[in-house]
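Student: Structure incoming, see below.
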Amino acid sequence: SGARRAQPDRPRSGTRGPRARGAPARGCSMFFHVPIERELLLHPRLLGPHATEHLKEKLLQTAEGSCSGRHGYIISVTEIISQSKGQIREGTGITSFTMKFNAIVFRPFKGEVLDAVVTKVNKMGFFAEVGPLPVFVSKHAIPADMIFDQNSNPASYVSQVTDEQPIRIRADTEVRLRIVGTHFDVNEIRAIGTIRDDYLGVIT
């Protein structure tokens, strides 16, 4: 399967090759509304009549934008459900609270088709980002006619199997890719992708 430009138009049945029109990315199914529980600590000087406000502010600051291997990337806290009574830690005066809240999270799944922005290109492949999610696409998952051009600046993969301008993948290029694997750590999610398939590739 050769290099192609993916386009956001509706796909034509049976269309293949460099001018193949891309199927729309399926991103909505990766967003979920879930309940989450998190422990927060408050310094003694923040305790008092405004402790609840301090807890809400700290929750928003620490939760939104963070990543959990269990839930995914926390995009937005939508509702605080409950707040436990504080438990004072001996010797420090620090008080711990358990906060239960609802949040919108972003969690990738194998097989999802997504639009990404390329951040780095090298002879091993390229790195891209789908929002907060880093994705690596190996050179083996890039169409065979796209060759790494070590003399270009910035570095890029280029294909001239087209009657139009050469197709290039370099930093800031928008591509449509498919997730083929994910790796979940405690505070990080990484993914592996491919553009070696019909309707995938550079978005024009």
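The values are calculated or read from the model by the stated rules, or taken from the named source; none is laboratory data. The structure presented is a predicted model; accordingly, all values stated were derived computationally and were not measured. Ideal geometry is used to build each Cβ from the backbone, glycine not excepted, and the neighbour counts take in all protein chains shown. The area values use the complete protein model at the heavy-atom level, side chains included, leaving out ligands, DNA and RNA. Shrake-Rupley method; radii C 1.70, N 1.55, O 1.52, S 1.80 Å.
Student: Let me cross-check ASP172: its accessible surface, 1.4 Å probe, with only protein heavy atoms counted, in Å² to the nearest 10?
Tutor: 120 Å²
Student: Carbon and sulfur together cover what percent of the accessible area of the range 132-204 at a 1.4 Å probe radius?
Tutor: On the way: 1810 of 3850 Å².
Roughly 47 percent of what the probe reaches on the range 132-204 is carbon or sulfur.
Student: Let me make sure I get this right: for the range 106-204, a, b and c are the square roots of the gyration tensor eigenvalues over alpha carbons, sorted descending. Under 1.5 in a/c it's rounded, otherwise prolate if a/b > b/c, else oblate. Which is it?
Tutor: prolate
Student: Using the Karplus equation 6.51 cos²θ - 1.76 cosθ + 1.60 (θ = phi - 60°), what ³J(HN,Hα) coupling, rounded to whole Hz, does each residue of the range 41-57 give in order, writing x for Gly and Pro?
Tutor: Listing the rounded values in order: 10, 10, 6, x, 5, 9, 6, x, x, 9, 4, 5, 5, 5, 5, 4, 5 Hz.
Student: Rounded to the nearest 0.05, what FRET efficiency is calculated for SER84 and GLU129 with R0 set to 30 Å and r the Cβ-Cβ distance? All intermediate terms of the calculation are to be shown ahead of the outcome.
Tutor: Numbers: r = 36 Å, r/R0 = 1.22.
Efficiency, from the Cβ-Cβ distance: 0.25.
Student: Taking amide H positions as placed 1.01 Å from N in the peptide plane, with prolines and chain starts having none, which residues 5 or more places from LYS120, or on another chain, fall under 5 Å of its amide H?
Tutor: Long-range HN contacts for LYS120: PHE127.
Student: Moving on. Taking K and R as +1 and D and E as -1, what net charge do the other residues with C-beta under 14 Å from the C-beta of GLN150 add up to?
Tutor: Values: positive: LYS123, LYS139, ARG168, ARG170; negative: ASP149.
It works out to a net charge of +3.
Student: While we're here: Take the alpha carbon gyration tensor of the range 29-131, find the square roots of its eigenvalues, order them as a ≥ b ≥ c, and report rounded if a/c is under 1.5; if not, report prolate when a/b exceeds b/c, else oblate.
Tutor: Details: a/c = 3.30, a/b = 2.27, b/c = 1.45.
Taking the square roots of the gyration eigenvalues as a ≥ b ≥ c, the range 29-131 is prolate.
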